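The block underneath contains the structure these notes are about, expressed in structure tokens.
The values are calculated or read from the model by the stated rules, or taken from the named source; none is laboratory data. Note that the coordinates shown come from a computational prediction; the quantities given were computed from them, not determined experimentally. Neighbour counts are summed over all protein chains in view; Cβ atoms, including those assigned to glycine, are modelled from backbone coordinates with ideal geometry.
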Amino acid sequence: MPFNTELTRALGIRVPVVQGGMQWVGYAEMASAVSNAGGLGLLTALTQPTPEDLRKEIRRCRTMTKSPFGVNLTLLPAMVPPDYAAYAQVIIDEGIKIVETAGNSPGPVIRQLKAAGTTILHKCTTIRHAQSAVKLGVDFLSIDGFECAGHVGEHDITNFILLSRARQTLSIPFIASGGFADGNGLAAALALGACGINMGTRFMATVEAPIHQNIKQAIVDAQETDTELVLRRWRNTSRLFANKVAKAAVAVERTSQTGKFEEVAEYVSGKRGRQVFINGDKDFGVWTAGQVMGLIHDIPTCKELLARIEREAVDALKKNLALYEPEGPVEKSKL
Ligand SMILES: Cc1cc2nc3c(=O)[nH]c(=O)nc-3n(C[C@H](O)[C@H](O)[C@H](O)COP(=O)(O)O)c2cc1C
């Protein structure tokens, strides 16, 4: 039985599961596999060196799926920021209907995309940021709890609180992000008021994820305790896989007398992190992963994964309903 939530209705997808933007993972192979499996796949704009490369990647993805897919555009602090307006323009020109935005000061990009009629799913880690995004006119929020992989924010609020706060305070629909891997998680998110879930780490451990097999296996082998929070000192906290380099970065961060970012810069180099996914050496550099690794025990295809999530979620919802026995004169058949 297909789901019927604000998300599935707005996007025309079968299962209310989004594959979040993932730097150096969110290529056409990943996005098309998720969309073909009935979820929403997202290309990650900044895995492409230029806006023109993004245009090619969008076109390549179109040859791999007939189903809707979107693009993630992440706005992060950088010495020389990418030309976000040009990336957004390519997204508009190529007719992409849904964009996941994330990061700092998204106002200009959101306004540009909304003016073109794009549906915006904005990801954030606090209710305050969610409310600002609502004012900017976004259509959906993706509420990213402290469990999540990558930028966790600085307030450390886990999804049990954050999602209910979202339900109590937000005027637009939201999905739950961070810590999801299975159908019980989806059912729980729906019960807390979300209209779907967003997953990152779980999709890395799939057959189609375009990363080295050793890294998929490292995720399967890892526990929920195998992440490190890096760069807190600079208020840019990221949850990373707890390998030798991430641990060394944390040690420097904690003991540095100067507090200069240069002291850790080499450890957290994105270039070395990118190589990890290619050479399969999990200790070659830092890479992003979430606590949800503790719930990941296999490497299915995206199709198998989403079919299983659908089955498990429907099962969990039914079982929970059966926990309630109506009393009194009301006939069961009327409920
Ligand atoms: C390898 C990796 C790279 C990521 N890169 C980005 C990114 O570039 N932009 C972004 O908005 N989120 C990024 N994320 C976060 C995911 O989109 C998603 O919010 C997060 O993974 C959810 O937590 P989960 O891993 O527990 O499912 C990344 C996550 C992973 C695992």
Pairs where the first residue, in segment 47-62, is closer than 18 Å to residue 97 by Cα and the second is exposed (fewer than 14 other Cβ atoms within 10 Å of the Cβ), C-beta under 6 Å, 6+ apart:
51/86
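From the residues in segment 278-291 that are in contact with a helix residue (DSSP H, G or I) (Cβ under 6 Å, 6 or more places away or on another chain) and closer than 12 Å to residue 241 by Cβ, which one is surrounded by the most Cβ atoms within 10 Å (Cβ to Cβ)? Let's see the steps before the verdict.
So the first thing to find is which residues in segment 278-291 are in contact with a helix residue (DSSP H, G or I) (Cβ under 6 Å, 6 or more places away or on another chain), and the list is 280, 282-287, 289-290.
Okay, now just the ones that are also closer than 12 Å to residue 241 by Cβ, so 282-287, 289-290.
Details: 282: 22, 283: 14, 284: 18, 285: 23, 286: 27, 287: 27, 289: 27, 290: 32.
Out of the qualifying residues, it is 290.
Within segment 254-265, can one find any residue that is assigned to a loop (DSSP other than H, G, I, E, B) and under 19 Å from the mean Cα position of the chain (by Cα)? Give the derivation first.
Taking segment 254-265 as the starting set, the residues that turn out to be assigned to a loop (DSSP other than H, G, I, E, B) are 256-261.
Then keep just the ones that are under 19 Å from the mean Cα position of the chain (by Cα); that gives none.
No: segment 254-265 contains no residue that is assigned to a loop (DSSP other than H, G, I, E, B) and under 19 Å from the mean Cα position of the chain (by Cα).
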Test each condition in (1) within 16 Å of the ligand (Cβ to nearest atom); (2) more than 23 Å from residue 295 (Cβ to Cβ) for residue 172 and report the one that comes out false.
(1)
Would you check if there is a residue in segment 154-170 being touching a residue at least 12 places away in the same chain (Cβ under 8 Å) and within 21 Å of residue 25 (Cβ to Cβ)?
no
Here is a list: 33, 78. Which entry is of a type in the set (A, V, I, L, M, F, W, C), more than 18 Å from residue 118 (Cβ to Cβ), in contact with a Cys (Cβ under 7 Å, 6 or more places away or on another chain) and within 16 Å of the ligand (Cβ to nearest atom)?
33
Single match in 206, 301, 227 (criterion: within 22 Å of residue 18 (Cβ to Cβ), hydroxyl-bearing (Ser, Thr, Tyr) and surrounded by fewer than 23 Cβ atoms within 10 Å (Cβ to Cβ))
301
Could you run through segment 135-144 and say how many residues are surrounded by fewer than 24 Cβ atoms within 10 Å (Cβ to Cβ), over 17 Å from residue 98 (Cα atoms) and either touching a helix residue (DSSP H, G or I) at 6+ places or on another chain (Cβ under 8 Å) or touching a residue at least 12 places away in the same chain (Cβ under 8 Å) (or both)?
0
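Report, by residue number, each residue of segment 225-242 that is more than 17 Å from the chain's Cα centre (by Cα) and not basic (Lys, Arg). Break it down stepwise before answering.
The initial filter retains those residues of segment 225-242 that are more than 17 Å from the chain's Cα centre (by Cα), namely 225-226, 228-236, 242.
Once the filter is applied, which keeps residues that are more than 17 Å from the chain's Cα centre (by Cα) and not basic (Lys, Arg), segment 225-242 yields 225, 226, 228, 229, 230, 231, 234, 236, 242.
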So residue 274 fits all but one of (1) within 14 Å of the ligand (Cβ to nearest atom); (2) more than 16 Å from residue 214 (Cβ to Cβ); (3) assigned to a helix (DSSP H, G or I); what number is the exception?
(2)
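Of all the residues that make up segment 127-152, how many are over 20 Å from residue 19 (Cα atoms) and within 14 Å of the ligand (Cβ to nearest atom)?
Of all residues in segment 127-152, those over 20 Å from residue 19 (Cα atoms) come to 127-129, 131-137.
Subset that is within 14 Å of the ligand (Cβ to nearest atom): 129, 133.
Adding up the residues that qualify gives 2.
Hey, among the residues in segment 277-305 that are part of a loop (DSSP other than H, G, I, E, B) and small (Gly, Ala, Ser), which one's farthest from the ligand (Cβ to nearest atom)?
The extreme case among them is 280.
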Within segment 58-66, can one find any residue that is in contact with an Asp or Glu (Cβ under 6 Å, 6 or more places away or on another chain), at pLDDT 95 or above and under 29 Å from residue 310 (Cβ atoms)?
yes
Scan (1) part of a helix (DSSP H, G or I); (2) within 16 Å of the ligand (Cβ to nearest atom) for the single condition residue 310 breaks and write down its number.
(2)
Residue 260 fails exactly one of the following numbered conditions: (1) surrounded by fewer than 14 Cβ atoms within 10 Å (Cβ to Cβ); (2) under 20 Å from residue 47 (Cα atoms). What is the number of that condition?
(2)
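Restricting attention to segment 98-115, does a residue exist that is surrounded by 16 or more Cβ atoms within 10 Å (Cβ to Cβ), on the phi > 0 side of the Ramachandran plot, touching a residue at least 24 places away in the same chain (Cβ under 8 Å) and touching a Ser or Thr at 6+ places or on another chain (Cβ under 6 Å)? Explain how you work it out, then say what you get.
Taking segment 98-115 and keeping what is surrounded by 16 or more Cβ atoms within 10 Å (Cβ to Cβ), we get 98-103, 106, 109-110, 112-114.
Those left that are additionally on the phi > 0 side of the Ramachandran plot: 103.
Right, trim to touching a residue at least 24 places away in the same chain (Cβ under 8 Å) and you get 103.
Next cut, touching a Ser or Thr at 6+ places or on another chain (Cβ under 6 Å) only: 103.
The answer is yes; a qualifying residue exists.
Please verify whether residue 120 is under 22 Å from residue 31 (Cα atoms), touching a Leu at 6+ places or on another chain (Cβ under 8 Å) and buried (at least 24 other Cβ atoms within 10 Å of the Cβ), treating the condition exactly as stated.
Numbers: under 22 Å from residue 31 (Cα atoms): yes; touching a Leu at 6+ places or on another chain (Cβ under 8 Å): yes; buried (at least 24 other Cβ atoms within 10 Å of the Cβ): no.
So residue 120 fails the test.
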